[in-house]
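Remarks on the structure that follows.
The values are calculated or read from the model by the stated rules, or taken from the named source; none is laboratory data. Treat the numbers as computed from the prediction; the structure is a model and nothing was measured. Cβ placement follows ideal geometry from the backbone for every residue including glycine, while neighbour counts extend to all protein chains displayed.
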Amino acid sequence: MPATVHLVIPCYQESGRIGPFLQELCATTQELGGITIRVVEDGSEPLEVQRMRSLLAPLVRQHAHLLDPCFLPRNLGKGGAVYAGWDMETDADWLGFVDADGSCSATEVANLIRRARQQAAPQTALFASRLDQFSGQVRRQWKRRLIGRVFGLLVSFVLGIRIHDSQCGLKLVPRSAYQRIAPSLRIHGFAFDVELLAALHDSGCVVEEVPITWHETPGGHVHLVRDSWRMARDVWRVRQRRRRSPRP
């Protein structure tokens, strides 16, 4: 039997973008087998929640491996939505998430799952990566390319962990590794990936960057200047917390 995977799609105000991607993702992953998918709606306003319920209901009926969505009563942040979905799953070998906008295609999701299943046992976390921000495989506004590269350098320098792209919205983590570090995870905003990276690294779990083809999708919720500053602040907080905490 192939290793099982539980894939979470965190959503906040995503009813206008998730439909075509989720339909394609369900069809693609159904062919692989051993995969469950759960949409976690992260405390949007009532009208948006109603739209999501209407959109998801027929898809859940159509695809057996698309589980009933989780509607959080308040906004926790992207990381909080991902962890809420992961904590609902107790049996899968792998826990993963993918952004709702389809920037990481269903094909790339399937490729990463196949790569994970090549491991004899789940032991290495796989982070999809826009490894070369300036390559033809990454279609992105030049400002975001530049800031993405600078942020990757910042994370590597401040945390002492070599990483090119900690923020790409597709990751697979061995469930056993997540369970070891879950009590220490505090950051639930856009920089949660950085804390996750550091916690996995410090626990002894290897993190491998896997280059993927990626295209920017309009309508995102990240504010280039405001959120870049907040994320940089959270990187510093992760550094300070690591300095105070003994490592294995």
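Below is a table of values for the structure above.
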quantity	calculated
Which listed residue is closer than 19 Å to Phe127 by Cβ and not polar (S, T, N, Q), from Phe21, Phe71, Phe97	Phe97
Residues located in the stretch 59-101, provided they are surrounded by fewer than 17 Cβ atoms within 10 Å (Cβ to Cβ) and of a type in the set (Asp, Glu)	Asp68, Asp87, Asp91
Every residue from the stretch 13-35 that is small (Gly, Ala, Ser) and within 17 Å of the chain's Cα centre (by Cα)	none
Residue within the stretch 212-219 that is surrounded by 16 or more Cβ atoms within 10 Å (Cβ to Cβ) and at pLDDT 95 or above present	no
